[in-house]
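Read through the structure below, which is laid out as structure tokens, and then see the notes.
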Amino acid sequence: MKVVLLTGSHPRHLYVVNQLMSMGFVVGHVIEQREEFLPQPPSGLEEQDRLNFIRHFADRDHSERTFFSGNNAPLNDIATLKVTMATLNDQTTIDWVKSLGADLMISYGVHKLSDELLAAGPAHAWNIHGGLSPWYRGNTTLFWPFYNLKPNWAGMTIHKLSSRLDAGDILHHSVPKLQYGDGIHDVANRAVMQVAEDLKNILSTFELSELTYSKQKSSGKLYVTTDWQPQHLRVVYQLFDNDIVDQFLDGKLPHVQPSLVNVFASE
């Protein structure tokens with residue numbers, strides 16, 4: 001099994017890279033330099049929203065550094081191509097990916113791949129989406145389950161890469177076990193760890209040719225960048241003080257379960 005990875009540069013992305021590298025699967029890594037992890041609050045916010053914004057992203061940074069300490073760079077030497085959003089789909093990237101002769105291409109945390117780059121990769125190509133598709137597609141999709149008071153809907157989707165955003169046939173849903181004391185970012189990071197573990201098990205257990213996929217039967221919602229506003233943070237931090245998981249586990253919030261795709265269920 002030869003795998004080429006296309007990922008972002010944040011610790012959560014590199015954690016998945018390093019987990020797969022530890023299995024000896026990875027033959028190449030395209031790494032897209034992503035935005036700063038601690039953005040500044042927009043001007044003109046009310047004070048409560050400015051403070052929530054600062055808290056949210058500082059807590060995200062602290063939680064990710066805690067969960068993924070030591071994953072600021074790949075742990076082993078592999079063929080690496082560094083790109084930006086502007087050069088991700090350049091001919092250089094296309095030629096480089098094609099030259100690796102990989103069996104499987106996996107993307108995680110990069111911007112939209114062009115049809116030309118998709119065509120240059122192997123026939124088997126997956127995306128790791130930080131959200132449960134089809135219900136949460138697009139951006140900030142590990143935030144919206146908390147805003148909707150459904151923390152058990154925070155998870156990851158492994159699906160076929162397609163030209164439509166987060167719309168490919170689903171191979172597997174990964175959801176973390178909720179634990180008392182977890183905040184919104186802890187659950188998101190546990191979801192990343194779970195999808196990395198599931199990926200390792202999938203690649204160790206199955207031949208690519210024997211895997212089956214499920215079509216996305218519901219359109220769900222495609223969240224765009226402008227759907228999220230700092231004022232949404234009032235629900236997480238002022239209404240619930242980031243204890244939505246505890247309230248859920250205590251039975252104070254509705255327990256509606258998503259209908260998940262589990263690749264291991266058919267073993």
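The values are calculated or read from the model by the stated rules, or taken from the named source; none is laboratory data. Keep in mind the model is a prediction, meaning the values are calculated, not measured. Quick reminder, even Gly has a Cβ in these numbers, built from the backbone with ideal geometry, and neighbours come from all protein chains shown. Accessible surface areas use protein heavy atoms only, side chains included; no ligands, DNA or RNA. Shrake-Rupley method; radii C 1.70, N 1.55, O 1.52, S 1.80 Å.
For the condition open to solvent by less than 10 Å² (accessible area, probe 1.4 Å), out of contact with any helix residue (DSSP H, G or I) (no Cβ under 8 Å at 6 or more places or on another chain) and of a type in the set (Val, Ile, Thr), what is the one hit in 202, 170, 184?
On the way: 202 fails: out of contact with any helix residue (DSSP H, G or I) (no Cβ under 8 Å at 6 or more places or on another chain); 184 fails: out of contact with any helix residue (DSSP H, G or I) (no Cβ under 8 Å at 6 or more places or on another chain).
Within the list 202, 170, 184, the selection yields 170.
For every residue, the table says whether it meets (1) β-branched (Val, Ile, Thr); (2) open to solvent by less than 40 Å² (accessible area, probe 1.4 Å); (3) in a loop (DSSP other than H, G, I, E, B); (4) modelled with pLDDT of 95 or more.
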site	(1), (2), (3), (4)
219	no, no, yes, no
234	no, no, no, yes
238	no, no, no, yes
242	no, yes, yes, yes
246	no, no, no, yes
254	no, no, yes, no
259	no, no, yes, no
265	no, no, no, no
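Conditions: (1) surrounded by 22 or more Cβ atoms within 10 Å (Cβ to Cβ); (2) in contact with a Lys or Arg (Cβ under 8 Å, 6 or more places away or on another chain). Residue 100 meets all but one. Number of the miss?
Here residue 100 meets the rest and fails (1).
Consider the stretch 34-93. How many of its residues are at pLDDT 90 or above, open to solvent by 30 Å² or more (accessible area, probe 1.4 Å) and assigned to a loop (DSSP other than H, G, I, E, B)?
The number of residues fulfilling the criteria is 13.
Starting from residues that are within 23 Å of residue 209 (Cβ to Cβ) and part of a loop (DSSP other than H, G, I, E, B), keep the ones in the stretch 126-162 and report whichever is modelled with the highest pLDDT.
Once the filter is applied, the top-ranked residue is 161.
Applying the selection to the stretch 1-32, what residues are assigned to a strand (DSSP E or B), of a type outside the set (S, T, N, Q) and surrounded by 20 or more Cβ atoms within 10 Å (Cβ to Cβ)?
At the first step, the residues of the stretch 1-32 found to be assigned to a strand (DSSP E or B) are 3-7, 26-32.
Still in the list and also of a type outside the set (S, T, N, Q): 3-6, 26-32.
Scanning the stretch 1-32 gives 3, 4, 5, 6, 26, 28, 29, 30, 31, 32.
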